[in-house]
Amino acid sequence: VASAAVTLEYRFNVDPGWTPEGELFLAIEQPQTYTISLNGYQLPTDLECGWWVDRSLKRIPVPLTSLRPGSNIVTVHCASYHPDHPGFEIIYLLGRFGVQLPANDSPCLSTMPQTLRPGDICKQGFPFYSGNITFHFPLQVCFEPGQKVMVEIPDFAGSALQVLVDNQPVASLAWPPYSADITAYLQPQCEHRLSIQVIGHRRNSHGPLHLKDPHPRWTGPYQFRSGGDEWSDSYVLHPIGLQANPTIHILE
């Protein structure tokens with residue numbers, strides 16, 4: 001069976017004002033079949049640290065010291081790429097950082113935002129984040145016995161919602177109306193914490209990320225190999241997050 005050596009390079013930038021912290025991992029399928037380096041530092045492909053999202057995506061540790069301000073290059077080399085090889089798949093850099101997407105440039109790692117405002121989190125430093133995200137609000141409601149306190153989420157982007165009061169789950173909302181009765185979890189005139197968790201999706205992490213049509217009728221291998229008029233040089237991302245603050249209604 002014919003084989004060939006194949007080398008791929010993945011480029012990203014690091015904001016000089018960002019100080020890396022916490023753990024950093026590279027997630028990749030079949031890491032033992034490659035030689036992987038970051039800025040010339042060879043990563044230990046036989047030292048797995050669990051998995052991310054799917055058991056096939058193995059995490060390997062990345063020393064923070066291998067990062068450098070400005071341009072960075074991850075190099076993935078396969079000495080014998082052949083028809084029976086499991087194949088190159090998308091790889092992921094995982095850690096506690098934000099990501100900026102400058103026009104006509106590589107993604108840039110930066111300080112992770114500590115707060116978020118209503119709106120698309122893709123534009124607030126989390127373009128490829130695909131987990132859940134929880135928004136917290138202080139809550140104090142004056143209501144009388146017999147009245148019902150409802151919370152309404154007027155607009156959001158995500159797969160579904162979870163409503164919590166003081167960390168207690170109240171309701172899961174997958175279909176409209178996106179509202180929940182929180183009366184039983186409240187004490188009149190007492191301070192509480194209302195939490196709205198937006199259940200995320202994998203589109204912004206697993207793609208397709210360069211298909212011009214954001215809502216294809218079908219997503220299969222072809223959508224990841226789009227070209228010509230169907231290709232977008234810039235990332236095609238789907239909004240996620242609370243698009244408006246929740247509102248409280250008191251019903252008789």
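Rule-based calculations on the coordinates, nothing more; no lab input. These figures come from a predicted structure and were not determined experimentally. Neighbour counts are summed over all protein chains in view; Cβ atoms, including those assigned to glycine, are modelled from backbone coordinates with ideal geometry.
Using Cα centres only, tell me the gap between the stretch 1-64 and the stretch 102-122 in whole Å.
A separation of 22 Å, based on Cα centres.
Which lysines have a Cα less than 27 Å from the Cα of residue 212, not counting those fewer than 8 places away in the same chain?
Leaving aside lysines fewer than 8 places away in the same chain, those within reach of residue 212 are 123.
Which of the peptides 240-249, 87-96 is most tightly packed, and how do the rest follow, going by the mean number of other Cβ atoms within 10 Å of each residue?
Working: 240-249: 17.4, 87-96: 14.8.
Descending mean neighbour count gives 240-249, 87-96.
How much mean residue ellipticity at 222 nm does the chain get from its helices, if each DSSP H run of length 4 or more adds -39500 (n - 2.57) and you divide by all residues, to the nearest 500 deg cm²/dmol? Spell out each step's value before the answer.
Details: 1 runs with 4 residues, N = 252.
Mean residue ellipticity at 222 nm (helix-derived): 0 deg cm²/dmol.
Spelling out what I want: for every residue of the stretch 239-247, take phi, set θ = phi - 60°, compute 6.51 cos²θ - 1.76 cosθ + 1.60 (Karplus), and round to whole Hz; glycine and proline get x.
Using θ = phi - 60°, the values come out as x, 8, x, 6, 8, 7, 5, x, 10 Hz.
How many angstrom separate the Cα center of the stretch 139-185 from the Cα center of the stretch 66-94?
44 Å
Using modelled amide H (1.01 Å from N, peptide plane; none on Pro or chain starts), what sits under 5 Å from the amide H of residue 173, excluding residues fewer than 5 places away?
The answer is 161, 162, 163.
Given an 8 Å cut-off on Cα distances and at least 6 residues of separation, report the relative contact order of the stretch 115-252 as a percent. Could you put the intermediate results ahead of the total?
Values: 265 pairs, mean separation 54.0, N = 138.
Worked out over the stretch 115-252, it gives 39 percent.
Please identify every one of the chymotrypsin sites (Phe, Trp or Tyr not before Pro) in the stretch 149-240 that sits in a loop by DSSP and has no more than 14 other beta carbons within 10 Å of its own beta carbon.
On the way: sites: 156, 178, 185, 218, 222, 224, 231, 235; in loops: 178, 218, 235.
Listed in order of number, the matching sites are 218, 235.
From the phi of every residue in the stretch 129-142, what ³J(HN,Hα) in whole Hz does the Karplus formula 6.51 cos²θ - 1.76 cosθ + 1.60 yield, where θ is phi - 60° and glycine or proline is x?
Using θ = phi - 60°, the values come out as 5, 10, x, 8, 9, 10, 10, 10, 9, x, 9, 9, 10, 9 Hz.
With θ set to phi - 60° and the Karplus curve 6.51 cos²θ - 1.76 cosθ + 1.60, what are the ³J(HN,Hα) couplings of the stretch 47-55 in order, to the nearest whole Hz, using x for Gly and Pro?
Those phi angles translate into 10, 7, 10, x, 9, 10, 6, 9, 4 Hz.
When only C-alpha pairs under 8 Å and at least 6 residues apart count, what is the relative contact order of the chain, in percent? Display every interim value, and only then the final one.
Numbers: 508 pairs, mean separation 50.1, N = 252.
Normalised by residue count, the contact order of the chain is 20 percent.
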